[in-house]
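Participant: Submitted below is the structure of interest, expressed as structure tokens.
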Amino acid sequence: MPETEPLSIGEVINLLKDDFPEISVSKVRFLENQGLVSPTRSQSGYRQFFTDDLDRLRFILGQQRDHFLPLKVIKARLADWEHGITSWDDDEPPTAEFFSEDEPVTEDELARRSGLNSDEIAQLEAHGVLRRTKGDLFSPDALAVARQGRLLLDLGLESRHIRTLRLTADRQADLVQQLVAPLMRTSSPEAQQNVADRMAILARSFSTTTMHLLREELAVILDR
């Protein structure tokens, strides 16, 4: 792409949206306001982006997507990146802190720590929201779900309504499985770690995308 041909902000969005679906005009403007990108301006005041600007945006968005880093850390890494440094000693795999290593809990412990009573737990189980592990225990994630279940029940939802969230998670899990299926054919430790990393990245991306889609829909409702 010749440096003499600047890109508009809309053209930048179109070039990046396949890899970074969350990219938007407001997102680019926000990164500019935070000092992470500095597009030039035309005589008419429009932003102009060149190849270096596009590469810089790819780096920033990739750090957010793959490593979930705050802008403060990304800004610090940009100086290294500009000098050709593309790896850091403190890099962690995407699976770090994603799959919980906490111990499973009993039903009594789940009830005590979530505030749910036995009837509410039974109802959430009946609708597939809560599931037991081997040994009749509940996973750490089930405990987190139970706590949110307490909040949702208090807000007026019923167990059958909360089941919608389980169905959404199940569909997303099926999609993740389809995407990583080719990687699962190799049983080497490196391949298995790659599968786990890919799963973590996809799950976080799904979660972020779902949140933004929901927020977008709720904003429409407020405007009606």
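The values are calculated or read from the model by the stated rules, or taken from the named source; none is laboratory data. Note that the structure is predicted; figures quoted are calculated from it, not measured. With ideal geometry, Cβ positions are generated from the backbone for all residues, glycine too; neighbour counts draw on all protein chains shown.
Participant: Quick check, is residue 37 surrounded by 15 or more Cβ atoms within 10 Å (Cβ to Cβ), in a loop (DSSP other than H, G, I, E, B) and of a type outside the set (Asp, Glu)?
Facilitator: Yes, satisfied.
Participant: Residue 153 fails exactly one of the following numbered conditions: (1) modelled with pLDDT of 95 or more; (2) loosely packed, with under 14 Cβ neighbours inside 10 Å. What is the number of that condition?
Facilitator: Unmet for residue 153, out of (1) modelled with pLDDT of 95 or more; (2) loosely packed, with under 14 Cβ neighbours inside 10 Å: (2).
Participant: Moving on. Cβ-Cβ distance below 7 Å, separation of 6 or more or different chains: which pairs start in the range 194-219 with a residue that is surrounded by 13 or more Cβ atoms within 10 Å (Cβ to Cβ) and end on one that is among the hydroxyl-bearing types (Ser, Thr, Tyr)?
Facilitator: Partner pairs satisfying both residue conditions: 196/95; 197/95; 200/95.
Participant: Find the residue count for the range 48-76, including only residues that are modelled with pLDDT under 85 and not in a loop (DSSP other than H, G, I, E, B).
Facilitator: Number of matching residues: 9.
Participant: Right, something else. Would you mind listing the helices (runs of 4 or more DSSP H) fully within the range 98-196 where at least 1 residues are within 24 Å of residue 214 (Cβ to Cβ) and touching a strand residue (DSSP E or B) at 6+ places or on another chain (Cβ under 7 Å)?
Facilitator: 140-154
Participant: Which of the numbered conditions does residue 28 fail, given that it passes all the others? Conditions: (1) surrounded by 15 or more Cβ atoms within 10 Å (Cβ to Cβ); (2) among the β-branched types (Val, Ile, Thr); (3) not in a helix (DSSP H, G or I).
Facilitator: Unmet condition: (3).
Participant: Of everything in the range 143-184, what is within 30 Å of residue 117 (Cβ to Cβ), more than 20 Å from the chain's Cα centre (by Cα) and of a type outside the set (D, E, K, R)? Give them in sequence order.
Facilitator: The answer is 143, 146, 149, 151, 152, 153, 155, 156, 157, 159, 161, 162.
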